[in-house]
Structures are given as structure tokens and as C-alpha cells.
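Below: the structure, in C-alpha cells.
The values are calculated or read from the model by the stated rules, or taken from the named source; none is laboratory data. Note that the structure is predicted; figures quoted are calculated from it, not measured. Ideal geometry is used to build each Cβ from the backbone, glycine not excepted, and the neighbour counts take in all protein chains shown. Just the protein is used for accessible areas: all its heavy atoms, side chains included, with ligands, DNA and RNA removed. Shrake-Rupley method; radii C 1.70, N 1.55, O 1.52, S 1.80 Å.
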Amino acid sequence: MSAWPSSRARRVLAALLRIGWVVKRQSGSHRTLSRTGWADVVFAFHDDEEIGPRMLARIAKRTGLRPEDL
């Protein structure tokens, strides 16, 4: 079983903003997030979209997000 629960994109984005990511630019639902010391990440999900455990694990690897941050 995965440590990651399914979550809405809105909640994941809020967690990323809390841990220090900022929206660098946005075009539609594509947001480019930036954080000092990390490569930029494109967050391309609609707010009400459900993000599954596997995708959350991939996002976490690139952003430093942890399950307890949600």
C-alpha cells in the first residue's frame, strides 16, 4: 500500500505553496512553480482533478513534498 492518499489538485498545490514553492507564471491550468535550490516544476492539473498515489509520488520526488504535508 502506498503512503500517498488520493488528493484533489487544489489541496496538493496548497501544500506545495506552504512548503515554499511559489507560482512563477501561469497559462491556463499550467502553473510553473519555483523554489530556491530546486528545478522549476510544471503543475498541470485542474483544481478539482483527483491526483492518485502514483502521480503524487512522482510529484513528491521532484518537489520534496511529504505525505504529512498534505
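Tabulated data
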| quantity | calculated |
| --- | --- |
| Net +/- balance of residues flanking W4 in space, Cβ distance below 15 Å, scoring K and R +1, D and E -1 | +4 |
| Per residue, in Å², the accessible surface of the chain once ligands and nucleic acids are set aside, probe 1.4 Å | 65 |
| Euclidean distance between Cα centres, segment 49-70 to segment 1-31, Å | 8 |
| Reduced Cα scattering model of the chain, Debye log10 I(q)/I(0), q = 0.12 Å⁻¹ | -0.27 |
| Heavy-atom SASA rank of E49, E68 (probe 1.4 Å, accessible area, largest first) | E68, E49 |
